[in-house]
Amino acid sequence: FLKRLIREGGGGILKVQDVALAPGEEEGLFAYSFTVSQLISEFSESAGTVALKLAGKLDGEEVTLGLDKLAGSKPTSHKMHFKHFQHFEGTIQVPEDMEPETLVIELKPTTKKLIPVTDTFPWGSAD
């Protein structure tokens, strides 16, 4: 039903999967990886950007910070361009006084007939 509905509208569906986090060699540094896939096999190429944000408590206040605000995180954003799937990886530098709670992954497509996707993953279970 879903594939038929999407095919009739000519759109595609992006999904974030296989999210993994692992502590790095330095204090507060974490390696991440994940895959973005196109669920509609007949869909043409998917293109756009991928942004990651870290949500949690910083000095007791709830904050959501993009990787561009977390010094030492690399890269600060990703470009996506694929037919079926694309793998992404990088590092997140968590500030010493921050308690991370969730990792937010935002897919911002530039391809027509794709809608933006925002997925949130609990920090402790994203491994």
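Give me the net charge of Asp97's neighbourhood, meaning all other residues with Cβ under 13 Å from the Cβ of Asp97; Lys, Arg count +1, Asp, Glu -1.
Values: positive: Lys57; negative: Glu27, Asp59, Glu61, Glu96, Glu99.
Within the 13 Å Cβ shell, the charges total -4.
Measure off 7 Å from each Cα along the Cα-to-Cβ vector at Lys57 and Val104, then give the distance between these two points in nanometres to one decimal.
So the label points at Lys57 and Val104 sit 1.9 nm apart.
With an 8 Å Cα cut-off and a minimum separation of 6 or more residues, compute the relative contact order for segment 19-127 in percent.
33
Place a label point 7 angstrom from the Cα of Glu25 along the Cα-to-Cβ direction, then list the residues of segment 86-104 whose backbone nitrogen is under 15 Å away.
91, by backbone N distance to the label point.
Rounded to the nearest 20 Debye, what is the dipole magnitude of segment 88-127 about its Cα centre when Lys and Arg each give +1 and Asp and Glu each give -1 at the C-beta?
Details: 3 positive and 8 negative charges, 120 e Å.
Roughly 580 debye for segment 88-127.
Taken together, the values in this text are just the output of simple stated rules run on the coordinates, not laboratory data. For clarity, every value in this text was computed on a predicted model and none was experimentally measured. Neighbour counts run over all protein chains shown; Cβ positions are idealised from the backbone, glycine included.
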